[in-house]
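First the structure, in the form of structure tokens, and then the observations on it.
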Amino acid sequence: KKVEKVELVKVIATLNDKFPHPLNGEYAFVGRSNVGKSSLLNALVGKKVAFVSKNPGKTSTINYFLIDNRFYFVDLPGYGYAKTSKKDRELWRKVIERYFSERSWNMKVMFSLIDSRHELMESDEQLLEWTQILGVKPVVLLTKIDKLNSSERLKQIKYFENILKSYGIERIIPCSSLTKEGLDEVWNVIFETQNY
Ligand code: GTP
Ligand code: MG
């Protein structure tokens, strides 16, 4: 699928900023800081629209990208970055809480990004528990899969399949923004929810 038009149409920086028109729904990209949310969004649309950085904490606002005038990709700030101050973590929690409480109704799919190289972190568990309470079933994207060799890859995928089952999550897609692995499958998830 080739995306023709991508526009950053709304940046939510404060608790007063308004969310955009619902259109045909939105796809949220959530996950720990530095997991590769902005990179994946760019890889999916084939354009560098979202800011990427080696340093965690790059995305600090909720950014709405309008895709072909139909729906939105929502780039959210990362959570769980240990070095951020308690105040910043509090702010993130408020931002994401507001996002979920005001917008989860318009969410077609929540993509929960988890670094394929690591174990599930406490902040990931918190997010997954939260989604259960909200009744949202995320699709998990295991990011940076290009960094694993074939045996590590098998081991990690098994590990995540097992642990995520306890959250009722069955859809897990290994991805790489670098090699583009998994991106077609992510698009398929999107197609299933759109007449696109
Ligand atoms: P925050 O905005 O800080 O929450 O981070 P983010 O989740 O948006 O991560 P971002 O896309 O900025 O990427 C973080 C770092 O990981 C950058 O140095 C990227 O180049 C790198 N990266 C992202 N995706 C991949 C991937 O699939 N493979 C590899 N090898 N590196 C990746
Ligand atoms: Mg980002």
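Only helical DSSP H runs with n ≥ 4 go in: add -39500 (n - 2.57) per run for the chain, normalise by residue count and round the 222 nm mean residue ellipticity to 500 deg cm²/dmol.
So the calculated ellipticity at 222 nm is -10500 deg cm²/dmol.
Step through the table entries Lys18/Lys87; Lys47/Lys165; Lys86/Lys155; Lys94/Lys147; Lys87/Lys147; Lys94/Lys158, compare each Cα-Cα distance with 31 Å, and write down the pairs that go over it.
Among Lys18/Lys87; Lys47/Lys165; Lys86/Lys155; Lys94/Lys147; Lys87/Lys147; Lys94/Lys158, the Cα-Cα distance tops 31 Å for Lys47/Lys165; Lys86/Lys155; Lys94/Lys147; Lys87/Lys147; Lys94/Lys158.
Whole Å is fine, so just give me how far the alpha carbon centre of region 121-143 lies from that of region 15-90.
Taking the Cα centre of each part, region 121-143 and region 15-90 sit 16 Å apart.
Sorted by mean Cβ packing within 10 Å, highest first, what order do the peptides 120-128, 141-149 take?
Order by mean packing, descending: 141-149, 120-128.
Sort Val11, Val136, Val6 so the one with the fewest other Cβ atoms within 10 Å of its own Cβ comes first.
Listed from fewest to most nearby Cβ atoms, that is Val11, Val136, Val6.
Around Arg32, which amide H atoms from residues at least 5 apart in sequence, or from another chain, sit under 5 Å from its own amide H, with H modelled in the peptide plane?
Residues meeting the criterion, in which the H sits 1.01 Å from N, are Tyr79.
How large is the charge dipole for region 6-192, taken about the Cα centre, if only the Cβ atoms of Lys, Arg (+1) and Asp, Glu (-1) carry charge, to the nearest 20 debye?
Charge dipole, region 6-192, about its Cα centre: 480 debye, nearest 20.
Select from Thr131, Thr59, Thr179 the residue whose mean-square fluctuation is largest in a Gaussian network model of the chain (Cα-Cα springs shorter than 10 Å).
In the Gaussian network model the winner is Thr179.
Quick check: net charge around Asn106, other residues with Cβ under 15 Å of its Cβ, Lys/Arg +1 and Asp/Glu -1?
+4
So what's Rg/Rh here for the chain, counting alpha carbon atoms and using the Kirkwood radius for Rh?
A ratio of 0.93.
Tell me, what ³J(HN,Hα) does each residue in region 65-75 have, in order and in whole Hz, if you take phi through Karplus 6.51 cos²θ - 1.76 cosθ + 1.60 with θ = phi - 60° and put x for Gly and Pro?
In residue order, the calculated couplings are 9, 7, 9, 6, 6, 10, 8, 10, 9, 10, 8 Hz.
We did not get these values from a lab; they are worked out from the coordinates using the rules stated. This is a predicted model, so every value here is computed, not measured. In this analysis, Cβ positions are derived from the backbone assuming ideal geometry, glycine residues included, and neighbour counts consider all displayed protein chains.
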